[in-house]
Amino acid sequence: MAPVELVLAGAGGRGMYAYGPYALAHPDDVRFVAVAEPDAARRAAFAELHGIAAEHCYADWRELLSRPQLGAGAVITTQDHEHTGPALAALVAGYDVLLEKPIAPTLAECVGLVRAAERHGRVLQICHVLRYTGFFTALHAILQQGRLGDLVTVEHRENVAAYHMAHSYVRGNWRRAADSNPMILAKCCHDLDILVWNLARPCLRLSSFGSLLHFRPEHAPPGAPARCTDGCPAEAQCPFSATAIYLDGLPMPWLADRDPQAQPPLPVAPPQFPFTALTRDPSYAGRLAALRDGPYGRCVYRCDNDVVDHQVVSMEFAGGVSVVLTMHGHSDEEHRSMRYDGTRATLHGRFGAHSALSIHDHRTGAVEHVPLDGAGTGHGGGDAGLMRSFVRVLRGSEDARSAARTALESHILGFAAEHARLSGTVVSLDAFRAVAEALV
Ligand SMILES: NC(=O)c1ccc[n+]([C@@H]2O[C@H](COP(=O)([O-])OP(=O)(O)OC[C@H]3O[C@@H](n4cnc5c(N)ncnc54)[C@H](O)[C@@H]3O)[C@@H](O)[C@H]2O)c1
């Protein structure tokens, strides 16, 4: 069978490093035949890697998507505020679309895109990659089989590592809600989607609390300059020091490779998060230059960030099941942790490094450790699983697990949670859903 042909809008972190590699590893399955990317170096690098002809390289998604269709599917991996335009243009041009999450920065745009896909009779699959991991597939199956009895209460935590918080939500692209999304959507539309999937019943009402507690100017150490590279007196103790994170790779023990030419030997930045966002030159000099000039060298207490660094959402689902989602950016390590308590058993889960899933039986006390499929890299294998699925959906051999209509519910919960947090109210989801449908 000929490979499915795709076009890409946005050859940044996700396009280049999350979905591009799947095509390179599975050339018989899928191949990219066109790319739109304004950054000339990224565009050239993606085109070279994928053997894309020069006439199919564009500086803007508008140029690509206003031309006659070049492949069956369009992969849209532009930034959050640049999803609606290219996704709509691709649907109109006749592409089936794989769109990065969150769907769009407003609920009206989210609903509008879902409806547009339905109107045009096209696939719009959202990159809710967790649904495609072995871990969450196994957890979902356990719940569907009724192994826990009747579900009573769920606790789900999204523990964002402190360096990741500083990178993405203080210094980086998702630091300001107005330029991207509130953090409960930017980070947790995945988690809300997993909860909606697993509970398989509607959320009735929710409340939410949270704030930006730490990364504020009043917490700057005395004498801290605007950049960590400018001789900060607190550099040796600060957990968020840019030089410690990006030059020494301090909180990242997996950076085992050291540059032997450097004295003392320095970690080599691999082509992976967070270094891929910092610079395309991973050498020590390249990273230092990026810290001096770019956003990632800034003192975390002197950025223009406004998104929260912790938030809880309390939810009541149909049948009286209570659910608490906790998200915070002060974790020692990046991972999600969860427990589902039912009338017959409790499930404990941990997703991240050393993923584990176990079922604890109330009657016998027996503990079953659930075997997990090889975790894989890139969201525990979710990035590759999603691309595999998109190809199968385009071939007509499976339905999209994260179709936009399905994904919309998590976004409704996310926008409702942010409204609840800001207004200090309990939000009724029926009313909120009715407003969402009336928005477009
Ligand atoms: N599914 C996940 O788990 C996951 C993880 C991280 C990020 N994301 C989402 O993926 C999206 C992309 O994130 P990223 O980290 O790759 O961002 P990025 O900034 O690294 O990449 C976006 C790319 O789009 C390009 N671009 C800008 N304007 C364009 C235009 N007019 N035409 C074509 N390309 C254009 C930029 O130059 C950039 O290279 C975001 O919406 C983000 O929230 C999803």
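For the range 175-210, which positions are part of a loop (DSSP other than H, G, I, E, B), surrounded by fewer than 21 Cβ atoms within 10 Å (Cβ to Cβ) and of a type outside the set (G, A, S)? Spell out how you get there, then give the answer.
So the first thing to find is which residues in the range 175-210 are part of a loop (DSSP other than H, G, I, E, B), and the list is 175-182, 187-188, 200-202.
Adding the requirement that they be surrounded by fewer than 21 Cβ atoms within 10 Å (Cβ to Cβ) leaves 176-179, 200-202.
Within the range 175-210, R176, D179, R201, P202 meet the criteria.
Quick check on my filter: what residues within the range 70-85 are among the polar types (S, T, N, Q) and within 11 Å of the ligand (Cβ to nearest atom)? Please lay out each step first, then the result.
Taking the range 70-85 first, the residues among the polar types (S, T, N, Q) are 77-79, 84.
The answer is T77, T78, Q79.
Quick check on T364: is it without any contact (Cβ under 8 Å) to a residue 12 or more places away in the chain, away from the ligand (no atom under 15 Å from the Cβ) and either over 30 Å from L24 (Cα atoms) or surrounded by 14 or more Cβ atoms within 10 Å (Cβ to Cβ) (or both)? So that I can check it myself, show each step before the final result.
On the way: without any contact (Cβ under 8 Å) to a residue 12 or more places away in the chain: yes; away from the ligand (no atom under 15 Å from the Cβ): yes; either over 30 Å from L24 (Cα atoms) or surrounded by 14 or more Cβ atoms within 10 Å (Cβ to Cβ) (or both): yes.
When the stated conditions are applied, T364 passes them.
Kindly indicate which of R336, R350 is charged (D, E, K, R) and farther than 30 Å from V30 by Cβ. It would help to see each step written out before you state the result.
Numbers: R336 fails: farther than 30 Å from V30 by Cβ.
Being charged (D, E, K, R) and farther than 30 Å from V30 by Cβ holds for just one of R336, R350, which is R350.
All but one of (1) buried (at least 22 other Cβ atoms within 10 Å of the Cβ); (2) assigned by TED's automatic domain parsing to the domain that holds R336; (3) assigned to a helix (DSSP H, G or I); (4) not basic (K, R) hold for L113; state the number of the condition that does not hold.
Answer for L113: the failing condition is (2).
Among the candidates R336, R388, R344, single out the residue that is in contact with a Gly (Cβ under 9 Å, 6 or more places away or on another chain) and either surrounded by fewer than 21 Cβ atoms within 10 Å (Cβ to Cβ) or among the hydrophobic types (A, V, I, L, M, F, W, C) (or both). Step through it out loud before you land on a result.
Values: R336 fails: either surrounded by fewer than 21 Cβ atoms within 10 Å (Cβ to Cβ) or among the hydrophobic types (A, V, I, L, M, F, W, C) (or both); R388 fails: in contact with a Gly (Cβ under 9 Å, 6 or more places away or on another chain).
Only one candidate qualifies: R344.
Can you find, within the range 1-18, the residue that is nearest to D80 (Cα to Cα) among those that are within 11 Å of the ligand (Cβ to nearest atom) and part of a strand (DSSP E or B)? So that I can check it myself, show each step before the final result.
If we filter the range 1-18 for residues that are within 11 Å of the ligand (Cβ to nearest atom), which is where we start, we get 7-18.
Narrowing further to those that are part of a strand (DSSP E or B): 7-9.
On the way: V7: 19, L8: 15, A9: 13 Å.
Among those residues, the one meeting the criterion is A9.
Can you pull out the residues in the range 127-177 that are in contact (Cβ under 8 Å) with a residue 12 or more places away in the chain and of a type in the set (G, A, S)?
Within the range 127-177, G134, A138, G149, A161, A162, A166, S168, G172, A177 meet the criteria.
What is the number of the single condition among (1) assigned to a strand (DSSP E or B); (2) touching a helix residue (DSSP H, G or I) at 6+ places or on another chain (Cβ under 6 Å) that S337 does not meet?
(2)
For the subset of the range 34-93 comprising residues that are in a strand (DSSP E or B) and closer than 19 Å to A18 by Cβ, which member is farthest from the chain's Cα centre (by Cα)?
Filtering the range 34-93 for residues in a strand (DSSP E or B) gives 34-36, 57-58, 73-76.
Subset that is closer than 19 Å to A18 by Cβ: 34-36, 73-76.
Details: A34: 24, V35: 22, A36: 21, G73: 21, A74: 19, V75: 15, I76: 14 Å.
Taking the candidates together, the pick is A34.
Looking at A290, is it in a helix (DSSP H, G or I), without any contact (Cβ under 8 Å) to a residue 60 or more places away in the chain, surrounded by 20 or more Cβ atoms within 10 Å (Cβ to Cβ) and of a type outside the set (D, E)?
Spelling it out, A290 is indeed in a helix (DSSP H, G or I), without any contact (Cβ under 8 Å) to a residue 60 or more places away in the chain, surrounded by 20 or more Cβ atoms within 10 Å (Cβ to Cβ) and of a type outside the set (D, E).
Pairs only if they're at least six apart or on different chains, beta carbon under 8 angstrom, first in the range 100-113 and within 19 Å of G10 (Cα to Cα), second within 13 Å of the ligand (Cβ to nearest atom) and of a type in the set (K, R); list them, first residue then second.
Partner pairs satisfying both residue conditions: E100/R14.
Search the range 310-324 for residues being of a type outside the set (S, T, N, Q) and touching a Ser or Thr at 6+ places or on another chain (Cβ under 8 Å), and hand back the single one that is surrounded by the most Cβ atoms within 10 Å (Cβ to Cβ). Explain how you work it out, then say what you get.
Of the range 310-324, the ones of a type outside the set (S, T, N, Q) are 310, 312-313, 315-321, 323-324.
Imposing the further condition that a residue be touching a Ser or Thr at 6+ places or on another chain (Cβ under 8 Å) reduces the set to 310, 312-313, 315-316, 321, 323-324.
Values: H310: 18, V312: 17, V313: 28, M315: 25, E316: 16, V321: 20, V323: 22, V324: 13.
Applying the filter and picking the extreme gives V313.
Answer yes or no: is there a residue in the range 119-126 that is touching a Cys at 6+ places or on another chain (Cβ under 9 Å), of a type in the set (A, V, I, L, M) and near the ligand (Cβ under 10 Å from one of its atoms).
Start the filter on the range 119-126 by keeping residues that are touching a Cys at 6+ places or on another chain (Cβ under 9 Å), which leaves 126.
Pick out the ones that are also of a type in the set (A, V, I, L, M) and you get 126.
Checking which are near the ligand (Cβ under 10 Å from one of its atoms) leaves us with 126.
So far as the range 119-126 goes, yes, one or more of its residues are touching a Cys at 6+ places or on another chain (Cβ under 9 Å), of a type in the set (A, V, I, L, M) and near the ligand (Cβ under 10 Å from one of its atoms).
Would you mind stating whether I103 is more than 7 Å from the ligand (Cβ to nearest atom), in contact with a helix residue (DSSP H, G or I) (Cβ under 6 Å, 6 or more places away or on another chain) and either part of a loop (DSSP other than H, G, I, E, B) or over 21 Å from R388 (Cα atoms) (or both)? Explain how you work it out, then say what you get.
Working: more than 7 Å from the ligand (Cβ to nearest atom): yes; in contact with a helix residue (DSSP H, G or I) (Cβ under 6 Å, 6 or more places away or on another chain): yes; either part of a loop (DSSP other than H, G, I, E, B) or over 21 Å from R388 (Cα atoms) (or both): yes.
Here the answer is yes, as I103 does meet what is asked.
If we keep just the residues of the range 24-54 that are surrounded by 22 or more Cβ atoms within 10 Å (Cβ to Cβ) and within 24 Å of H379 (Cβ to Cβ), which is farthest from the ligand (Cβ to nearest atom)? Spell out how you get there, then give the answer.
Going residue by residue through the range 24-54, those that are surrounded by 22 or more Cβ atoms within 10 Å (Cβ to Cβ) are 30, 32, 34-37, 46.
Now drop any that are not within 24 Å of H379 (Cβ to Cβ), which leaves 30, 32, 35, 37, 46.
Working: V30: 18, F32: 14, V35: 8, E37: 5, F46: 9 Å.
Checking each candidate, the answer is V30.
So which residues in the range 132-174 are in contact with a Lys or Arg (Cβ under 9 Å, 6 or more places away or on another chain), more than 21 Å from T326 (Cβ to Cβ) and within 12 Å of the ligand (Cβ to nearest atom), if there are any at all?
Y132
Residues of the range 130-173 being part of a helix (DSSP H, G or I), aliphatic (A, V, I, L, M) and farther than 24 Å from M315 by Cα, which ones?
Here is the first cut: in the range 130-173, the ones part of a helix (DSSP H, G or I) are 130-132, 134-144, 162-171.
Retained after the next criterion (residues that are aliphatic (A, V, I, L, M)): 130, 138-139, 141-143, 162, 165-166, 170.
Result: A162, M165, A166, V170.
How many residues does the range 347-359 hold that are part of a strand (DSSP E or B), surrounded by fewer than 19 Cβ atoms within 10 Å (Cβ to Cβ) and under 17 Å from the mean Cα position of the chain (by Cα)? Lay out the reasoning, then the answer.
From the range 347-359, those part of a strand (DSSP E or B) are 347-352, 356-359; that's our starting set.
This time we only want the ones that are surrounded by fewer than 19 Cβ atoms within 10 Å (Cβ to Cβ), so: 348, 350, 352, 356, 358.
Next, only the ones that are under 17 Å from the mean Cα position of the chain (by Cα) stay: 352.
Residues meeting the conditions: 1.
The values are calculated or read from the model by the stated rules, or taken from the named source; none is laboratory data. As the structure is a prediction and not an experimental result, all values here were calculated from the model. Cβ atoms come from the backbone with ideal geometry, glycine included; neighbour counts cover every protein chain shown.
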